[in-house]
Amino acid sequence: PAYIKGRHLYGLNLTRDEIRRNGFAILVEGFLDLIVPYQFGIRNVAASLGTALTTDQVKLLGRFARKVVVNYDGDRAGVQAAKKSIEILLAEDIEVKVLVLPENADPDEFIRKFGAAEYHQRRAKAQPHIQFVIENALRDRSLHRPAEKAEAVEEVLPYIRAVNNRIQKREYFDLAMNQLQINDVALRRELWYSLRASTHVAGSAGEKILRRTGVKPTVAEQQ
């Protein structure tokens with residue numbers, strides 16, 4: 001009755017003051033991913049306990065910090081969970097970075113093996129959310145194949161659209177377009193306007209872009 005996963009964050013009652021002092025929170029998945037860092041002196045941590053992050057949880061976390069480092073497991077399931085969390089965090093105007101530890105280790109394993117100092121060094125190099133999303137969109141895809149390039153673009157767009165600040169949105173957009181090699185000015189303009197439109201219009205714009213590049217749409221933008 002007192003603890004509801006979708007409304008609370010595990011450990012926040014013990015770590016909220018440290019989160020406020022540090023100015024950012026480290027968001028992890030499991031309870032050991034919080035307990036072990038806490039034992040090693042890393043105490044600006046909160047855990048979602050393996051559930052899909054909710055708006056209620058993000059609003060709660062946002063009371064103590066407006067910056068979050070997402071440090072979920074580096075396996076495929078953890079990456080997907082991190083991507084879903086990013087959208088929820090961005091929608092609440094939280095600045096997001098992502099930390100993926102070597103060899104897909106979780107925080108519990110990594111800190112036990114390498115210690116807190118090494119973890120801090122890795123955390124300091126956490127990626128901005130857009131870089132993490134772009135790299136995952138390009139994984140197992142080639143920009144030399146039009147269909148795969150189109151898929152990568154459509155996978156990245158929702159994570160730019162979720163950013164509310166227009167200046168940040170534009171910066172992320174330009175970064176993504178450069179790395180995804182969308183160089184045609186007209187296509188870039190159309191994509192930019194699609195981010196400011198409704199979901200339906202944005203999806204239509206994405207399909208137009210695919211037609212312009214001579215590629216039949218293979219992945220319709222769902223978000």
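The values are calculated or read from the model by the stated rules, or taken from the named source; none is laboratory data. The shown structure was predicted, so the numbers you read here are calculated from the model rather than taken from an experiment. Counting neighbours? That spans all protein chains shown, and the Cβs are built from the backbone with ideal geometry, glycine included. SASA here: full protein model, heavy atoms, side chains in, ligands and nucleic acids out. Shrake-Rupley method; radii C 1.70, N 1.55, O 1.52, S 1.80 Å.
Just checking, does the range 33-48 include any residue being out of contact with any helix residue (DSSP H, G or I) (no Cβ under 8 Å at 6 or more places or on another chain), open to solvent by 10 Å² or more (accessible area, probe 1.4 Å) and under 20 Å from ILE134 (Cβ atoms)?
no
Name the residues in the range 55-71 that are of a type outside the set (A, V, I, L, M) and open to solvent by less than 10 Å² (accessible area, probe 1.4 Å), would you?
In the first step, residues of the range 55-71 are kept if they are of a type outside the set (A, V, I, L, M); the result is 55-57, 59, 62-64, 66-67, 71.
Correct list: GLN57, ASN71.
Among the residues of the range 1-24, count how many are under 21 Å from the mean Cα position of the chain (by Cα) and free of Cβ contacts under 8 Å to residues at least 24 places away in the same chain.
Count: 0.
So which helices (runs of 4 or more DSSP H) stay within the range 1-92 end to end and still have 1 or more residues that are modelled with pLDDT under 95 and within 23 Å of ALA137 (Cα to Cα)?
Result: 76-91.
Please report, ordered by residue number, the helices (runs of 4 or more DSSP H) entirely within the range 111-162 with at least 3 residues that are open to solvent by 50 Å² or more (accessible area, probe 1.4 Å).
The helices (runs of 4 or more DSSP H) meeting that bar are 116-124.
Can you tell me which residue in the range 94-104 is most open to solvent (accessible area, probe 1.4 Å), limited to those that are at pLDDT below 90 and over 16 Å from ASN136 (Cβ atoms)? Spell out the reasoning first.
Narrowing the range 94-104 to residues at pLDDT below 90: 102-104.
Narrowing the set further to residues that are over 16 Å from ASN136 (Cβ atoms) leaves 102-103.
Details: PRO102: 47, GLU103: 170 Å².
The extreme case among them is GLU103.
Taking the conditions exactly as written (open to solvent by 50 Å² or more (accessible area, probe 1.4 Å), in contact (Cβ under 8 Å) with a residue 40 or more places away in the chain, closer than 26 Å to THR54 by Cα and more than 10 Å from the chain's Cα centre (by Cα)), does ALA91 satisfy them or not? Quick ask: steps written out before the conclusion?
Values: open to solvent by 50 Å² or more (accessible area, probe 1.4 Å): yes; in contact (Cβ under 8 Å) with a residue 40 or more places away in the chain: yes; closer than 26 Å to THR54 by Cα: yes; more than 10 Å from the chain's Cα centre (by Cα): yes.
Judged against the criteria, ALA91 is a match.
Could you grab me the full set of residues in the range 180-189 that are over 16 Å from PRO158 (Cα atoms) and in a helix (DSSP H, G or I)?
Scanning the range 180-189 gives VAL185, ALA186, LEU187, ARG189.
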